[in-house]
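Student: Mind having a look at this structure? Questions to follow.
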Amino acid sequence: MAQLIDGKAISQTIRGELTEEVARMKTAGITPKLAVVQVGEDPASTIYVRNKKRACEQIGIDYLTYNLAEETSEQELLDLINQLNRREDVHGILVQLPLPKQINEKDIILAISPDKDVDGFHPVNMGRLATGEDGFVSCTPAGVIELLKYSGVEIDGKSCTVVGRSNNVGKPAALLMLRENATVTICHSHTKDLKEKCKTADILICAIGKPKFINHEYIKKGAVVIDIGIHRLEGKKLCGDVDREDVMDLVSMITPVPGGVGPMTVTMLMANCVKAAKRLTGYKG
Ligand code: NAP
């Protein structure tokens, strides 16, 4: 029977480690500080922002929150980002997406200092990931690597297929697996023979955005499956991109939805905040 990868437990372990790290930083006079900016009142964004604030409180990270009106102009948001970029006491800047239509998300991502880009969305950080330099990695794919490592999955030399090539999820996941010395195949909506390409994978990472798309026909026996997708079905039940019941007899390990990749995203944001504070202050600890 397949083993479920417990993202909640792994996330709590990492949060415990971060809490200890932040306590040590505080004794050296450094408190990591995250600035969280929300524009408008999108209900989902409000929940995400609340979860981020709670995680900061749990770990001991200071935070500032900015709730800007829906009609905020791009220039007003850029002015705030520039101000936060200059503040020495702010180590991480997060602008909750999506933004209202009068604001160009790319302009905003570019305006955030790459050294405070705790979401890892800035092209400089994507470039650092692609060239193997140290930088900030998008939180969800960074969480995938931690899930694999904490579960004792060997990545080096394994064949990995990533389905999905979005800038924030699929592409960085593939680059991270490459950095860990997997042999990586990236698939997308134009891929021919998707089933065959998935069936070669020792580690299959699904970031497609289609509920229960991946079934037993895509799985090699014994594969480790990471399901990044998250969908709310009728009746409010959550599911992933993988039809878990259908693949359970074939896989060796799989992340459940909910409780797999999801809990890791905010935790990796916290890890990025701690890292940003260390880099910006020169703390070696
Ligand atoms: P996205 O931007 O919509 O990208 C989806 C990717 O899947 C695209 O690259 C697309 O190919 C590919 N794709 C779509 N249909 C396909 C098909 N039939 N065959 C092969 N590839 C196909 O989505 P995303 O932002 O990467 O997110 C993916 C999923 O992860 C979503 O369910 C999202 O909700 C979830 N997610 C979860 C978390 C979390 O914390 N758990 C965080 C972020 C995202 P093309 O590039 O050719 O269009």
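Student: Since SER151 meets every condition but one in (1) of a type outside the set (Phe, Trp, Tyr); (2) within 16 Å of the ligand (Cβ to nearest atom); (3) under 25 Å from ALA9 (Cβ atoms), which condition does it not meet?
Tutor: So SER151 meets the others, but not (2).
Student: Among the residues of the range 118-153, write down those that are among the charged types (D, E, K, R) and without any contact (Cβ under 8 Å) to a residue 60 or more places away in the chain. Working first, answer last.
Tutor: Here is the first cut: in the range 118-153, the ones among the charged types (D, E, K, R) are 119, 128, 133-134, 146, 149.
Within the range 118-153, ARG128, GLU133, ASP134, LYS149 qualify.
Student: I would also like to ask the following. It is to be established whether one or more residues within the range 103-117 are of a type in the set (S, T, N, Q) and touching a residue at least 40 places away in the same chain (Cβ under 8 Å).
Tutor: Of the residues in the range 103-117, the ones of a type in the set (S, T, N, Q) are 104, 113.
Still in the running and touching a residue at least 40 places away in the same chain (Cβ under 8 Å): none.
No, the range 103-117 contains no residue that is of a type in the set (S, T, N, Q) and touching a residue at least 40 places away in the same chain (Cβ under 8 Å).
Student: Quick check on my filter: what residues within the range 261-285 are away from the ligand (no atom under 16 Å from the Cβ) and either touching a Phe, Trp or Tyr at 6+ places or on another chain (Cβ under 6 Å) or basic (Lys, Arg) (or both)? Before you say what the answer is, go through the steps one by one.
Tutor: First, the residues of the range 261-285 that are away from the ligand (no atom under 16 Å from the Cβ): 273-285.
The answer is LYS275, LYS278, ARG279, LYS284.
Student: Let me ask something else. Test VAL162 against the criterion of being of a type in the set (A, V, I, L, M, F, W, C), more than 12 Å from the ligand (Cβ to nearest atom) and either open to solvent by less than 20 Å² (accessible area, probe 1.4 Å) or under 16 Å from the mean Cα position of the chain (by Cα) (or both), and give yes or no. Spell out how you get there, then give the answer.
Tutor: Values: of a type in the set (A, V, I, L, M, F, W, C): yes; more than 12 Å from the ligand (Cβ to nearest atom): no; either open to solvent by less than 20 Å² (accessible area, probe 1.4 Å) or under 16 Å from the mean Cα position of the chain (by Cα) (or both): yes.
Judged against the criteria, VAL162 is not a match.
Residues checked against (1) within 11 Å of the ligand (Cβ to nearest atom); (2) more than 19 Å from LEU269 (Cβ to Cβ); (3) of a type in the set (S, T, N, Q); (4) in contact with a helix residue (DSSP H, G or I) (Cβ under 7 Å, 6 or more places away or on another chain):
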| position | (1), (2), (3), (4) |
| --- | --- |
| GLY132 | no, yes, no, yes |
| PHE136 | no, no, no, yes |
| CYS139 | yes, no, no, yes |
| ILE145 | no, no, no, yes |
| LEU175 | no, no, no, yes |
| VAL184 | no, yes, no, yes |
| LYS195 | yes, yes, no, yes |
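Student: If you scan the range 225-250, which residues turn out to be within 12 Å of LEU4 (Cα to Cα), open to solvent by 10 Å² or more (accessible area, probe 1.4 Å) and not charged (D, E, K, R)?
Tutor: MET248
Student: Can you tell which of ALA207, ALA201 is surrounded by 15 or more Cβ atoms within 10 Å (Cβ to Cβ), among the small types (Gly, Ala, Ser) and more than 10 Å from the ligand (Cβ to nearest atom)?
Tutor: On the way: ALA207 fails: more than 10 Å from the ligand (Cβ to nearest atom).
Being surrounded by 15 or more Cβ atoms within 10 Å (Cβ to Cβ), among the small types (Gly, Ala, Ser) and more than 10 Å from the ligand (Cβ to nearest atom) holds for just one of ALA207, ALA201, which is ALA201.
Student: Do we have ARG232 as away from the ligand (no atom under 14 Å from the Cβ) and among the charged types (D, E, K, R) here?
Tutor: On the way: away from the ligand (no atom under 14 Å from the Cβ): no; among the charged types (D, E, K, R): yes.
It is false that ARG232 is away from the ligand (no atom under 14 Å from the Cβ) and among the charged types (D, E, K, R).
Student: Looking only at the range 216-238, count how many residues are among the acidic types (Asp, Glu) and assigned to a loop (DSSP other than H, G, I, E, B). Break it down into steps so the answer makes sense when it comes.
Tutor: Step one: filter the range 216-238 for residues among the acidic types (Asp, Glu), giving 217, 227, 234.
Still in the running and assigned to a loop (DSSP other than H, G, I, E, B): 234.
Within the range 216-238, residues that are among the acidic types (Asp, Glu) and assigned to a loop (DSSP other than H, G, I, E, B) number 1.
The values are calculated or read from the model by the stated rules, or taken from the named source; none is laboratory data. Computed from a predicted structure; not experimentally measured. When we count neighbours, we look across all protein chains shown, and the Cβ atoms used for this are built from the backbone with ideal geometry, even at glycine. For accessibility, only protein heavy atoms count, side chains too; no ligands or nucleic acids. Shrake-Rupley method; radii C 1.70, N 1.55, O 1.52, S 1.80 Å.
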